[in-house]
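The values are calculated or read from the model by the stated rules, or taken from the named source; none is laboratory data. Quantities reported herein were computed from a predicted structural model and do not represent experimental measurements. Here Cβ is always computed from backbone atoms with ideal geometry, including for glycine, and neighbour counts include all displayed protein chains. The accessibility values were calculated without ligands, DNA or RNA, using every heavy atom of the protein model including side chains. Shrake-Rupley method; radii C 1.70, N 1.55, O 1.52, S 1.80 Å.
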Amino acid sequence: MEKSINFKNKNMKTTRESSNEFINDLKKEGFLNPILELIKRDHTLNLQIRNEYINIYYRGGNILKIERKNDKYYSTFNEKYFKIAVTERKMIIKKKLSKQINTEMEAEEWVDNIQFIKQFMDEYFAKYSKSEREFQQLVARENNNSVISNDTDYFITDIEYTNSESKQSRFDLIGLKWTSSSQERKNKNNCRMVLIEMKYGDGALIGTAGIKKHLSDIENFCDKKNTQLKILKEETISAFKQLRTLGLVRFGKNENKNEIEKLSEEIPEFILLFANHKPAKTKLESEFKDISNLKNADVKIATSNFMGYGLYEQNMLTIEEFKKSILNK
């Protein structure tokens, strides 16, 4: 059995955890519960936990932010999505949306109007596509809260992760690996840290945000001496617990009562997820020409189980396996 590490350092500054009061206000007896129940009914919405605020995403865009300050809740919508909306329609909706949510009625007002905000966002994305972010959300949904999520081997705890204290702390998806065999799911202390980089289409494979640059950043970030890695592990555990508390992680019929308190000391998995790469193009082949595995992270390339976005251990290829079986090198 792998050794595990438990983080209890209260001086560490974490950015992905909300107070018990915030979580309780979202739960069944809380006045914010209509919003949580909408998210449970509508799987095109995705809730992400931050430090005393939550982001709710639709198609990868922030459809609603709720922030807790001095025991009050403030609600905002990214108005860039109104950019191409008809002025009259835009003003009607804006008047209906309260800037604070401190009663159940105000929460219900947002629930009633989410459908109209979605329409504005659909119109915006038709002109200003954000496909990579949209597919990040799909990965989170498939592995956390879908009919197959109990059978996958990975859970997603965050999308579009950033930490202002570290330029290298920018990841498309954060999660943990908890193998779906019945024996492993009984072992709550053997989960592994997972960092995921998604590349949508071949245009994202090279340049300042290319594969080689990401691998260099990951090697530095995953150094065991880096305190930001320790913080991220603690945040991952906290976020997973709170997502489970809110009922946003789907297990089997009898659920899973095991609470994860520790993460394995194994080096993190760094997964490269290439969405819609055109096989006839050579960009991917040229990027991998001189790439080898890292010392501080276990690099894997995700391959699909037929056409889905479920993440399975047996579909993860090492760099050498990927070169041999996919790139024929």
Theoretical gain in end-to-end length, Lys230 to Lys72 [0.36 nm per residue, Cα-Cα removed]: 53.8 nm
Report the residue, chosen from Asn143, Asn276, Asn296, that carries the largest GNM mean-square fluctuation when the chain is represented by alpha-carbon nodes joined by springs under 10 Å. Asn276
Evaluate the charge dipole of the chain about its Cα centre and quote only its size in Debye, nearest 20, assuming +1 on the Cβ of each Lys and Arg and -1 on the Cβ of each Asp and Glu. 400
Suppose the chain between Asp122 and Glu259 were pulled fully straight at 0.36 nm per residue; how much longer would it get relative to their current alpha carbon spacing? 45.5 nm
Whole-Hz Karplus ³J(HN,Hα) for the range 45-61, in order, using 6.51 cos²θ - 1.76 cosθ + 1.60 and θ = phi - 60°, x for Gly and Pro? 9, 9, 9, 10, 8, 10, 7, 6, 7, 10, 10, 10, 9, 10, 6, x, x
Quick check: Cα centre of the range 235-302 to Cα centre of the range 173-205, how many Å? 3
The long-range amide H neighbours of Lys300, using H built 1.01 Å from N in the peptide plane and a cut-off of under 5 Å, are Phe270, Ile271, Leu272
Pairs from Lys40/Lys278; Lys28/Lys177; Lys83/Lys283; Lys224/Lys289; Lys72/Lys95; Lys177/Lys230 whose Cα-Cα separation, in the structure shown, is over 25 Å: Lys40/Lys278; Lys28/Lys177; Lys83/Lys283; Lys224/Lys289
Counting each DSSP H run of 4 or more residues in the chain as -39500 (n - 2.57), what helix-only mean residue ellipticity at 222 nm follows after dividing by all residues, to the nearest 500 deg cm²/dmol? -10000 deg cm²/dmol
Counting heavy atoms of the protein chains only and a 1.4 Å probe, report the per residue accessible area for the chain as a whole number of Å². 51
Carbon/sulfur fraction of accessible area - the range 110-161, other protein chains in place, 1.4 Å, %: 44
Please give me, ordered by residue number, the chymotrypsin sites (Phe, Trp or Tyr not before Pro) of the range 225-316 that lie in loop per DSSP and have at most 11 other Cβ atoms within 10 Å. Phe306
Partners for Lys323 among aspartates and glutamates (Cα-Cα distance below 20 Å; same-chain residues under 8 apart left out): Glu197, Asp202, Glu269, Glu285, Glu287, Asp290, Asp298, Glu313
At R0 = 30 Å, FRET efficiency that the Cβ-Cβ distance of Met105 and Asn20 yields, to 0.05: 0.80
